[in-house]
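In what follows, a structure is listed as structure tokens, so that the remarks can point back to it.
Each reported figure results from applying straightforward, stated rules to the coordinates on display, with no laboratory input. Nothing here was measured: the structure is a model prediction, and the numbers come from that model. When we count neighbours, we look across all protein chains shown, and the Cβ atoms used for this are built from the backbone with ideal geometry, even at glycine.
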Amino acid sequence: MQMADLGDVALHWREDGAPDGAPVVFANALGTDLRIWDKMLERLPAGLRFIRYDMRGHGLSSCPPGPYSMGAMVRDVETLLDRIGVCDAVFVGLSVGGMVAQGLAVKRLDQVRAMVLSNTAARIGTAETWRTRIAELRAGGIEALADGIMEKWFTPAFRETAEYHGWRNMVIRQPVGGYAGTCAAIAGTDFYTPTAGLSLPTLAIAADRDGSTPPDLVRETADLIKGAEFRLIRGAGHMANIEKPDEYAGILAAFLARIGHV
């Protein structure tokens, strides 16, 4: 287990693959941890350096008092990458992880040479939507919200599998404070203007059954970035990397090859 003490937060992170390989950094979604990328590591080309971490308030990272800001969440991974000597990475972010990707690319193009915006957007929901979510969370805990979350994340067929229950358990065991703090960060984020100024190689991935960030929302964000590619995965929800790992990894591997990162 590797922990990085960054002062106001301690981040759990891990490295897999080739230590001297081209770096690929993965950022997780709200209510998840770095395990959501497990299926990718065995499906992507050999020779890459895979770096994953648990965002503040998630997984094994510490849970500072909320509310959080997107600036703090971007700074967390920025500092981590500086600490472990990572630059020119492809940053793959899912949902709120994709918002972090956008923020980091605006701030540190030396760290991010390309990004993959998976099931995410420049702005997700409204401030009122997230305030309501936080109030519901405080009143009933994550368990009370879990089934509604899972319906947006996975198709009915996947929710009938044994694997599904493990992912649901992961969500309900996240710290309430970390979940609520991250909701506040999302509520306060609108990256339409800064993201529109980006021109780095970008791949946007959407899923046709995504109830959290529908395809049109993902495409709208992709359209902000000059030359961005858009790919749609059919028959999957918000967690397309889990539900359709072969197709997802194939799309990601092809992008890495096109930009010369493998």
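Key figures
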read-out	value
Highest-first arrangement of 152-162, 48-58, where packing means the average Cβ count within 10 Å	48-58, 152-162
Sequence of Trp130, Trp37 once ranked by neighbouring C-beta atoms within 10 Å, starting from the fewest	Trp130, Trp37
Net charge of neighbours whose Cβ lies under 14 Å from the Cβ of Gly85, counting Lys and Arg as +1 and Asp and Glu as -1	-3
Stretch gain in nm, segment Asp38-Met3, where the contour uses 0.36 nm per residue and the Cα spacing is subtracted	10.7 nm
Centre separation in Å (Cα based) which lies between region 16-69 and region 235-262	15
Choice from Leu224, Leu94, Leu11 showing the highest fluctuation, given a GNM over the chain with Cα pairs closer than 10 Å	Leu224
Peptides ranked, highest mean first, by Cβ atoms within 10 Å: ranges 247-253, 137-143	247-253, 137-143
Size of charge dipole - the chain - debye, nearest 20, with Cβ of Lys, Arg +1 and Asp, Glu -1, no other charges	180
Chain lengthening between Ala139 and Ala157 when straightened (0.36 nm per residue, less Cα-Cα)	3.4 nm
Full-stretch length increase - Ala196, Asp88 - with 0.36 nm per residue and alpha-carbon distance subtracted	36.8 nm
Cα gyration tensor category, rounded, prolate or oblate, for the chain with a/c compared to 1.5	rounded
Ranked list, fewest to most other Cβ atoms within 10 Å of each Cβ, for Met70, Met170	Met170, Met70
